[in-house]
1. Under a plain spin-label model, where a point goes 7 Å from the Cα along Cα-to-Cβ, how far apart in nm are B:T78 and B:H36?
2. Let me confirm one metric for peptide B:103-113, namely the mean number of other chain beta-carbon atoms within 10 Å of its residues' beta-carbons.
3. Please order B:S39, A:S50 by the number of other Cβ within 10 Å, starting at the fewest.
4. Per residue of B:35-45, what is the mean number of Cβ atoms on other protein chains within 10 angstrom of that residue's Cβ?
5. Hey, what do the phi angles of segment A:104-114 turn into as Karplus ³J(HN,Hα) couplings, whole Hz, using 6.51/-1.76/1.60 and θ = phi - 60°, x for Gly and Pro?
6. Restricting to Cα pairs below 8 Å that are 6+ residues apart, what does the relative contact order work out to for segment A:1-78? Please round to a whole percent.
7. Using 16 Å as the cut-off for backbone N distance, which residues of segment B:43-72 belong to the label zone defined by a point 7 Å from the Cα of A:L71 along Cα→Cβ?
8. Return the distance in nm (one decimal) between the two label points of a simple spin-label model at B:S8 and B:L108, each offset 7 Å from Cα along Cα→Cβ.
Amino acid sequence: MSGTDIAFFLLALAAIAGAVMMLQLTNVVHMVLSLVMTFLAIAGLYVLLSAEFVAVVQVLIYSGAITIIMLFAIMLTRHHADDKERQTTGGVGHKAAAAFAVLAFGLAVYAGIRTLDFGADGSALPADNAKAIGQWLYSYYTIPFEIVSVLLLVALIGAIVLAKKDGKGAEDE
Amino acid sequence: MSNIYANSYAIVFVFLCLGVLLPVGALTLGRWLRPHVPSEAKETTYESGNNPFHDSRIQFQVRYYLFALLFVIFDVETVFFYPWAVVYDQLGLFAFVEMVLFITLLALGLIYAWKKKVLRWM
């Protein structure tokens, strides 16, 4: 077992642990933080796959920006983290059914990926990730790149239209 | 090749460990050194001399959400800048024009937000 394998197992464990913790915790802010743990672990997995640029983007966008969005959304909504209000859902039957479904899903995935052939291992590892991406993006995929800016513009204006009240009513508040 | 790659990330891992251990170590050391005499007055939240009242987490205005959204959108823009800057030497003017178009469109969005008074902190 090489160091890369150990790193993979640790990171995979961290990713799954973060996801399970997110489902288990009761405080919404703690949930977001455990989600950040999953995001960072996945960034580590990208590094192991030698996709460095994607890893940095994962840290920048997901554990940075998306988390901020979620924290803001939490601040904007009314919520009670009281344990009293928590309700357990489902009896023994539901839980058994859920366990069966999880087991069946796991077995199906295992059966599916056990003999799956991903083709030859990727050729030489691209040493300069960002450079390769840049060369493709700004010479071959020019139009999609410009459309991305239109998409971002639409997202920006759409968000403003939805969240900002127009006209006189907005001034009075 | 793959060995060099993995080994160079070993240093990143060492830095990660240092970054985690430093605050943990410093705070633990502080806990050992300082006296620990809690009283009710000490445990109240410090709010610049005012007495704290009700829950610290209140419901915020929706308009603050726009700051978060603006941040995300310009964060995504940054992601596109990085590979552009790396290959700028090779692609030259064409890449420059591309990026100017990209920035112009996003600047339109920013001007729209400005005109709509989204940027005003109320």
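Taken together, the values in this text are just the output of simple stated rules run on the coordinates, not laboratory data. Computed from a prediction, not measured in an experiment: that's the story for all the values here. With ideal geometry, Cβ positions are generated from the backbone for all residues, glycine too; neighbour counts draw on all protein chains shown.
1. It works out to 3.9 nm between the two label points.
2. 4
3. B:S39, A:S50
4. Mean partner shielding for this stretch: 0.
5. So the Karplus estimates, Gly and Pro as x, are 4, 4, x, 5, 5, 5, 4, 4, x, 8, 4 Hz.
6. Rounded, it is 28 percent for segment A:1-78.
7. Residues B:57-58, B:60, B:64-72 qualify, since their backbone N sits under 16 Å from the label point.
8. 4.0
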